[in-house]
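*Asks:* I'd like to ask some things about the structure below.
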Amino acid sequence: MRAVVPHCTIDGPSGVGKGTAAKWLARELGWHLLDSGAMYRVAGIAAIDAGVPVEAPAEVAGLVRTMDVRFDGGIDDDRIVLEGREISGRVRDEAAGMLASRIAVFPEVREALLDAQRAFLRPPGLVADGRDMGSVVFPEAPLKVFLDASAEERAHRRCRQLWEAGKQATMADVLADIRSRDARDRGRAVAPLAPAPDAVEIDTTDLDVASVCRRILGLVRERGLA
Ligand code: DC
């Protein structure tokens, strides 16, 4: 099944816009969407709620394997329900992002999330966004994209998003958060953030979202995936 269902992975660092691009592409193609970062965020929240210390990898991994999480909404309505409680707002918080980045360094936790991520690969196709979608989770993906941009540009984008959502944020705080998350994501021993050898790398620093989306859609078509 995995070899024949068309799929495209979009990896890259925090705030690069891969979530926006992945959502747009999935909508455009009518494919499923996997926001793998949300899975790590939910896992962190599940640990906190269950009183499991986030620095105890085996316990967090055990919890991840048994947690009851549902991604109920469609592409435009990311409703996430954990153990019967809606946690969508908490999942999007910067605090959940930092928590996710902390538990994501543990191989046991990454392993525990693999099956749940791979289960998203179903007809008619999948767009998967994250850090290791092309390198680890879907190594046979027929199209792998790696987006990058300077930390400053990513902090600008993230700030704009937060302000538009009515949240308070300063450039200095957001930039510091992005830098510390980068260091952890790129520096971890297992599945560090890095382009897969066969990924198409796109530097988006001077590109707007629409150009990035068009470029990826062009690659999907060039490869005969849609
Ligand atoms: O994409 P995001 O900001 O929602 O991800 C939150 C954290 O989860 C990120 O700092 C690293 C981790 N993550 C990961 O290690 N691997 C993934 N495939 C997705 C996210």
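*Asks:* Give the relative contact order (percent, whole number) for the chain; include only Cα pairs under 8 Å separated by 6+ residues.
*Replies:* It comes to 33 percent, rounded to a whole number.
*Asks:* For segment 126-226, which whole percent of the accessible surface, found with a 1.4 angstrom probe, sits on carbon and sulfur atoms?
*Replies:* 53 percent
*Asks:* For segment 50-102, what does the relative contact order come out to in percent, with C-alpha contacts under 8 Å and a separation of six or more?
*Replies:* The value is 23 percent.
*Asks:* Among the lysines, which have Cα under 24 Å from the Cα of K167 when same-chain residues fewer than 8 positions away are ignored?
*Replies:* K18, K23
*Asks:* How much of the DSSP bridge set in the chain is antiparallel, in percent, rounded to the nearest 5?
*Replies:* 25 percent
*Asks:* Now a separate question. State, as an integer percentage, the relative contact order of segment 1-111 based on alpha-carbon contacts under 8 Å between residues 6 or more apart.
*Replies:* About 25 percent, as a whole number.
*Asks:* Multiplying the sequence separation of E140 and A176 by 0.36 nm and subtracting their Cα-Cα distance, what value in nm do you get?
*Replies:* Working it through step by step, the gained length comes to 9.5 nm.
*Asks:* Filter the DSSP H helices in the chain by two things, a Kyte-Doolittle mean of at least 0.0 and an axial alpha-carbon span of 18 angstrom or more, and list the hits by number.
*Replies:* Both cut-offs are met by 36-50, 209-222.
*Asks:* Using +1 at the C-beta of Lys and Arg and -1 at the C-beta of Asp and Glu, which of V145, G125, I216 has the Cα lying farthest in the positive direction of the dipole of segment 109-226?
*Replies:* Selected residue: G125.
*Asks:* Heavy atoms of the protein only, probe of 1.4 Å, neighbouring chains included. What is the accessible area of F106 in Å², nearest 10?
*Replies:* Here the residue's solvent-accessible area equals roughly 40 Å².
*Asks:* Would you work out what percent of the accessible area of segment 1-87, with all protein chains in place, is carbon or sulfur (probe 1.4 Å)?
*Replies:* Carbon with sulfur: 51 percent of the solvent-accessible area.
The values are calculated or read from the model by the stated rules, or taken from the named source; none is laboratory data. Bear in mind the structure is a predicted one, so any value in this text is a computation, not a measurement. In this analysis, Cβ positions are derived from the backbone assuming ideal geometry, glycine residues included, and neighbour counts consider all displayed protein chains. SASA here: full protein model, heavy atoms, side chains in, ligands and nucleic acids out. Shrake-Rupley method; radii C 1.70, N 1.55, O 1.52, S 1.80 Å.
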